[in-house]
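Read through the structure below, which is laid out as structure tokens, and then see the notes.
All of the numbers you see were taken from the coordinates with simple rules; none came from a lab. Every value quoted in this text rests on a predicted model; they were computed, and no experiment measured them. Neighbour counts are summed over all protein chains in view; Cβ atoms, including those assigned to glycine, are modelled from backbone coordinates with ideal geometry.
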């Protein structure tokens, strides 16, 4: 990246203009604004995410008062009217398609060495997070009688905690239904919580030659076909081959399952896992489920560091546009960390780039030379946890 360019521009250079133009052509706007292009919209909204803007009026005040609009790549007039119209009318799938391009870029940068459990198979974690909304402002987001919400269903690659699949639905959509939207990769492992227990859908994963590790429910009806010895000193309690016993369950899942029981030495909590992978050790099965915690950290990170809880528009298209642009910013920061081999966490990288957005220092020097390791950052957006 060239010296003399704004830090914000250096980050946005990871989004190639030609690729973004192809995304815009996939979903053309019915009546596009001549003075405010799709790229202007993306750059303005990405700036809002990076610098923690509070609303459209805040974005307008910051950018219209800046002398750096041309250097940032923004050619149109940044007004709250233009932003509101674009967020309302430009198809959110433009930014979903852009996110897919950035996902492929990030997955090329991160490898198996960035995963807690070293395996030859690809490992994914699936979960959802609920974002509460005001029913009077977002009546389309059905959840409960007196409450609105949306769910962000996410499948992340545990190599670098990169989201590879995201579906934004109304809050009342059950988590297990998302399994119908995911195309399983043969040989991959999908780690899920017990909310995804549906033996018909799990058998579809098994039939597609994919593996799963899922936490079992307490009312599981089964009989033991085989039991294997385990080392109980590490917390394992049993490793069994089982068959489902219920009349409906054994019809939906006619094959054998593996049942691994683990007792946490610290909390004493007893966890039971089901998997169709018989080639892993029992310790690895327990470790895979433990690595599922990365998706919880991902949800926590984006909620604390990006604007996905307070929205700049009330329509479904505006909400999805804002969320997908936030995901793009997350992916840009993740790519930045890997490209420049920055030892800091994603939260610290975002903080440094946000306060230096209009500086012209080379971004690799800015993030490697500045000493922020012991500097407390007083911000509600800061999240402290283990680096990805």
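Extending each Cα 7 Å along its Cβ direction at residue 224 and residue 207, get the distance between those two points in nm, one decimal.
So the two model labels end up 3.1 nm from each other.
First check a/c for segment 131-171, with a ≥ b ≥ c the square roots of the eigenvalues of its C-alpha gyration tensor; if it is under 1.5, answer rounded, and if not, answer prolate when a/b is larger than b/c or oblate otherwise.
Since a/c reaches 1.5 and a/b is larger than b/c, the shape of segment 131-171 is classed as prolate.
Could you work out the relative contact order of the chain? I mean the mean sequence separation of Cα pairs under 8 Å and 6+ apart, divided by the number of residues, in percent.
Once divided by the residue count of the chain, the mean separation gives 20 percent.
I want to verify a result. In a Gaussian network model of the chain, Cα cutoff 10 Å, which of these has the top mean-square fluctuation: 73, 268, 187?
268
Using label points projected 7 Å from each Cα along Cα→Cβ, tell me how many nm separate residue 267 and residue 68, to one decimal.
Each label point is offset 7 Å from its Cα along the Cβ direction, giving 4.3 nm.
Once you have the Cα-Cα distance between residue 107 and residue 315, take 0.36 nm times their residue separation minus that, and quote the gain in nm to one decimal.
71.7 nm
Any chance you could list the semi-axes, whole Å, largest first, of the equivalent ellipsoid that the Cα gyration tensor gives for segment 278-374, using √(5λ)?
Its equivalent ellipsoid spans semi-axes of 29, 24, 11 Å.
Report P(r) for the chain: all Cα-Cα distances, bin width 10 Å, range 0 to the bin holding the largest distance, values in whole percent.
Histogramming the chain at 10 Å steps yields 4, 21, 29, 23, 14, 7, 2, 0 percent.
Work out the FRET efficiency for residue 255 and residue 300 from their Cβ-Cβ distance, taking R0 = 35 Å, and round it to the nearest 0.05.
Computed FRET efficiency for residue 255 and residue 300: 0.45.
Hey, what angle do you get for helix 80-89 against the long axis of the chain, alpha-carbon based, 0 to 90 degrees rounded to 10?
40
Quick one: grab the alpha carbon gyration tensor of segment 1-60, order the square roots of its eigenvalues as a ≥ b ≥ c, and give me rounded if a/c is under 1.5, else prolate or oblate depending on whether a/b is larger than b/c.
oblate
If a/c stays under 1.5 just call it rounded; otherwise compare a/b with b/c (prolate if a/b is bigger, oblate if not). Do that for segment 6-154, with a ≥ b ≥ c from the square roots of the Cα gyration tensor eigenvalues.
oblate
Once the piece of chain linking residue 116 and residue 52 is laid out straight, how much longer is it, given 0.36 nm per residue of separation minus the C-alpha distance between them?
So the chain would gain 19.9 nm between residue 116 and residue 52.
Sort 217-223, 90-96, 273-279 by the packing proxy (mean of other Cβ within 10 Å over each peptide's residues), most packed first.
Going from most to least packed, we get 90-96, 273-279, 217-223.
Give me the tail of P(r) for segment 320-362 as a percent: Cα-Cα pairs with distance above 13 Å.
That tail contains 59 percent of the Cα-Cα pairs.
Per q in 0.12 Å⁻¹, report the Debye log10 I(q)/I(0) for segment 135-263, using one uniform scatterer on each alpha carbon and no solvent.
Calculated log10 I(q)/I(0) at the listed q: -0.61.
Take each of the peptides 190-196, 230-236, average the number of other beta-carbon atoms within 10 Å over its residues, and list them starting from the highest.
190-196, 230-236
Mind jotting down the distance between the C-alpha centroids of segment 162-221 and segment 67-133, whole Å?
That distance is 23 Å.
What length, rounded to one decimal in nm, is gained on full extension from residue 245 through to residue 30, with 0.36 nm per residue of separation minus their alpha-carbon distance?
The span from residue 245 to residue 30 would gain 71.8 nm if fully extended.
Mind checking the angle between helix 93-109 and the chain's longest principal axis? C-alpha axes, 0 to 90 degrees, to the nearest 10.
That helix lies at roughly 70 degrees to the long axis.
What whole-number value in cubic angstrom gives the convex hull volume per residue for the C-alpha atoms of segment 194-283?
For segment 194-283, the hull spanned by Cα atoms encloses 95 Å³ per residue.
Rounded to the nearest 10 degrees, what's the angle between the helix 293-305 long axis and the longest principal axis of the chain, both from Cα atoms, 0 to 90?
It is inclined by approximately 20 degrees.
Quick one: Debye curve from the alpha-carbon atoms of segment 259-335 only, equal weights, vacuum; give me log10 I(q)/I(0) at q = 0.18 Å⁻¹ to two decimals.
For the requested q values the scattering log ratios are -0.79.
Place the peptides 176-183, 354-361 in order of packing, highest mean first, counting for every residue the other Cβ atoms within 10 Å and averaging per peptide.
354-361, 176-183
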